[in-house]
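The structure appears right after this line, and notes come after that.
The values are calculated or read from the model by the stated rules, or taken from the named source; none is laboratory data. The shown structure was predicted, so the numbers you read here are calculated from the model rather than taken from an experiment. Neighbour counts run over all protein chains shown; Cβ positions are idealised from the backbone, glycine included. These accessible areas exclude ligands, DNA and RNA; they are computed on the full protein's heavy atoms, side chains included. Shrake-Rupley method; radii C 1.70, N 1.55, O 1.52, S 1.80 Å.
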Amino acid sequence: MKQLVILRHGKAEQDTMAKDDYDRILTDRGSKNAADMGAFILKKWGVPDLILSSSARRAHDTAILAAQSLGYPQEEIRTDQNLYFAPSRWILNVISKLPDEVNRCLYVGHNPGVTDLINDLGVRLDNLPTASATCFEFHIDSWGDISTDRAAFLWLKLAKEL
């Protein structure tokens, strides 16, 4: 059995002409929500075997703050530039290549990909808000067998509920 928590990055500064979108930083609220969601995930789900994140700054910073709350080693966060604004099918493709010894993965990414993935996995959601998370379980032994029709929804937590 494999479990996947999907976490949208925390609230980031608005687009500025002086800064590339890839390098946008978290706002104070975004940082607090990311740390708080990490604490919630720890209490609700425990420590993941792997944290996988988009390499964009706001996603990676969210992963770091969540990892600190989870007691997960920051240096073991795996980033992938291909996850920057990746569509749902790309996200699933990257996850399908995870090592089988990983049973629980926390994925940190961006909209619209994360919301599209949640919808593809069977939960109808217009928008996953920043620093909010959802969890799915897959009755598979290998990530290579992950598919949308094997997903079982476990929980959803909005950052505003923390």
Only unsatisfied item for residue 75, checking (1) within 14 Å of residue 51 (Cα to Cα); (2) within 15 Å of the chain's Cα centre (by Cα), is (2)
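If you go through segment 48-69 one residue at a time, do you hit one that is part of a loop (DSSP other than H, G, I, E, B), open to solvent by less than 40 Å² (accessible area, probe 1.4 Å), touching a residue at least 24 places away in the same chain (Cβ under 8 Å) and within 20 Å of residue 157 (Cβ to Cβ)?
yes
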* Being polar (S, T, N, Q) and closer than 20 Å to residue 37 by Cβ, is that true of even one residue in segment 138-145? -> no
Filtering strands (runs of 3 or more DSSP E) wholly in segment 71-162 for at least 1 residues that are closer than 20 Å to residue 22 by Cβ and touching a helix residue (DSSP H, G or I) at 6+ places or on another chain (Cβ under 7 Å) gives 78-80, 104-109
Across segment 140-162, the tally of residues that are exposed (fewer than 14 other Cβ atoms within 10 Å of the Cβ) and of a type in the set (Val, Ile, Thr) stands at 0
For residue 22, the lone unmet condition from (1) in a helix (DSSP H, G or I); (2) at pLDDT 95 or above is (2)
Original post:
If we scan segment 26-38, do we find a residue that is surrounded by fewer than 22 Cβ atoms within 10 Å (Cβ to Cβ) and touching an Asp or Glu at 6+ places or on another chain (Cβ under 7 Å)?
Top reply: yes
Note: among 61, 36, just one is at pLDDT 95 or above and under 13 Å from the mean Cα position of the chain (by Cα), namely 61
Those residues of segment 71-97 that are in contact with a strand residue (DSSP E or B) (Cβ under 9 Å, 6 or more places away or on another chain) and at positive phi come to a total of 1
